[in-house]
Amino acid sequence: MVYKYIDIVGTSSTGIDDAINNAFKEASKTVKNIQWGEMGRVTFRLDDAQKIEYQAEVRIGFKIERGED
């Protein structure tokens, strides 16, 4: 079995948990066989109105599928 991982950043205006969930939700639209995840750095940014956008770096692991030889 072979696994691969990708690093992505999820964002949310409501919190870190939602940022992580958004990352997995978007990744699952194009990545099959997601098996695990790991949270990395958590950051935020402020807009001109001082509203916070949470950002969570997420590493997502998935199993590589190979066609029949």
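Figure legend. Inter-residue proximity from region 1-29: first residues without any contact (Cβ under 8 Å) to a residue 40 or more places away in the chain and more than 10 Å from GLU53 (Cα to Cα), second residues open to solvent by less than 100 Å² (accessible area, probe 1.4 Å) and of a type in the set (Gly, Ala, Ser), beta-carbon distance below 6 Å, spacing 6+ or different chains. Indicated pairs: ASP18/SER12; ILE20/GLY10; ILE20/ALA56; ASN22/GLY10; ASN22/SER12; ALA23/GLY10. Residues in region 43-63 include at least one that is surrounded by 12 or more Cβ atoms within 10 Å (Cβ to Cβ) and touching a residue at least 60 places away in the same chain (Cβ under 8 Å).
The values are calculated or read from the model by the stated rules, or taken from the named source; none is laboratory data. Model, not experiment: these values are computed from the prediction. Heads up, the Cβs are rebuilt from the backbone with ideal geometry, glycines too, and the neighbour counts pull from every protein chain shown. Note: areas computed on protein heavy atoms with side chains; ligands, DNA, RNA excluded. Shrake-Rupley method; radii C 1.70, N 1.55, O 1.52, S 1.80 Å.
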